[in-house]
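A short write-up of the structure that comes next.
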Amino acid sequence: MRGLPSAIVLAAALGVAVGPPRAARAAAAPVVGRLTWFGQSCFLLETAAGTRVLIDPIPKNLGYPLPAGLRADLVTVSHEHADHDNLAMVTGKPHVIHGLTADKKGWAHVDERFRDVSIRSVGVYHDDRRGAQRGLDTVFIFEVGGLRIAHLGDLGHTLDDDQLEAIGSVDVLLVPVGGSSTVDAYQATRVIDQLHPRLMVVPMHYKTDASASKELAPLDAFLERKANVRHVAGPTVVLTSVKARPATEIVVLNYR
Ligand SMILES: [Zn+2]
Ligand SMILES: [Zn+2]
């Protein structure tokens, strides 16, 4: 009993994944799972029941260190760009859900259940000209343990009423902020205001020390004038189903 909290603190400090999510169940709110950022828009969502969902897998040439032998049960791909669809990042034969149709000209309209996770998709665009410049993109909404996690892929515009209604209420929002090929810091902030996620915002798809991208902006502009920012030492944040928070938290993860 006594050793448990210090183990959690140590794990957080080192940013390493020690033990299953249930190690943190001593906390007040029930643990739903945890989210690990690998860089760009790539996250591993691990549910408390052990389901592993890899979102928008990245290739080696982006500059981020990729984990060896990564195992996933499910992989989702928001759109077929090289920095989002590297299925070779995982070993084994996971179930793969593509947001776009094979010809990339339409959306797949996903609404399915995989073990303890419900997955829905909403079609959006990679630019603010209805896809004329960069094509289509997909918002994936994962629901697990009553928590709704929305990943916006390479969203290139603010949302219209139909898109907002289709996405619905969001607890945890994973949003691109680096601009150039997606919404920039200012537009991302507008999208956050539109969706007003209840618990957490995690910025993604921005320039870091590791990323080779010359186009993406770093995180600074997005964090300007933001309140309630939490910098996590490692790549992982634990997701709990707390009833309410005074304000939405901006959680900055460290890919290292
Ligand atoms: Zn893209
Ligand atoms: Zn991208």
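Could you please tell me which pairs satisfy a Cβ distance under 9 Å, a separation of 6+ or placement on different chains, a first residue in the stretch 29-41 that is farther than 26 Å from Leu219 by Cα and assigned to a strand (DSSP E or B), and a second residue that is away from ligand 1 (no atom under 16 Å from the Cβ) and charged (D, E, K, R)?
Partner pairs satisfying both residue conditions: Val31/Arg22; Val31/Arg25.
Name every residue in the stretch 93-132 that is under 27 Å from Ser180 (Cβ atoms) and touching an Asp or Glu at 6+ places or on another chain (Cβ under 7 Å), in order of residue number.
Passing the criteria: Leu100, Lys104, Val124, Tyr125, His126.
Quick one: which residue in Gln187, Gln194, Gln163 is assigned to a helix (DSSP H, G or I) and surrounded by fewer than 18 Cβ atoms within 10 Å (Cβ to Cβ)?
Matching residue, one of Gln187, Gln194, Gln163: Gln194.
So Ala82 clears everything in (1) in contact with a strand residue (DSSP E or B) (Cβ under 9 Å, 6 or more places away or on another chain); (2) within 14 Å of ligand 1 (Cβ to nearest atom); (3) not in a strand (DSSP E or B) except one condition, right? Which one?
Tallying (1) in contact with a strand residue (DSSP E or B) (Cβ under 9 Å, 6 or more places away or on another chain); (2) within 14 Å of ligand 1 (Cβ to nearest atom); (3) not in a strand (DSSP E or B), Ala82 fails exactly one: (1).
Given the criteria in contact with a Leu (Cβ under 9 Å, 6 or more places away or on another chain) and assigned to a loop (DSSP other than H, G, I, E, B), does Ala227 qualify?
no
Here are the criteria: (1) aromatic (Phe, Trp, Tyr); (2) closer than 18 Å to Ile97 by Cβ; (3) within 15 Å of ligand 2 (Cβ to nearest atom). Tell me which single one Tyr125 does not satisfy.
It fails just one condition, (2).
So which of Val170, Val175 ends up being at pLDDT 95 or above, within 15 Å of the chain's Cα centre (by Cα) and part of a loop (DSSP other than H, G, I, E, B)?
Val170
Just one of Ile58, Ile97 is surrounded by 18 or more Cβ atoms within 10 Å (Cβ to Cβ), within 16 Å of ligand 2 (Cβ to nearest atom) and without any contact (Cβ under 8 Å) to a residue 60 or more places away in the chain; which is it?
Step by step, each of Ile58, Ile97 is checked, and only Ile58 is surrounded by 18 or more Cβ atoms within 10 Å (Cβ to Cβ), within 16 Å of ligand 2 (Cβ to nearest atom) and without any contact (Cβ under 8 Å) to a residue 60 or more places away in the chain.
Take Lys60 and decide whether it is under 19 Å from the mean Cα position of the chain (by Cα) and among the charged types (D, E, K, R).
Answer is yes for this residue.
Output the number of the condition that Val53 fails; it satisfies all remaining conditions of (1) in contact (Cβ under 8 Å) with a residue 60 or more places away in the chain; (2) surrounded by 23 or more Cβ atoms within 10 Å (Cβ to Cβ); (3) hydrophobic (A, V, I, L, M, F, W, C); (4) within 16 Å of ligand 2 (Cβ to nearest atom).
Here Val53 clears every test but (4).
The values are calculated or read from the model by the stated rules, or taken from the named source; none is laboratory data. On a predicted model such as this, the values are computed, not experimentally measured, just so you know. Using ideal geometry, Cβ is built from the backbone for each residue, glycine included, and neighbour counts are taken over all protein chains shown.
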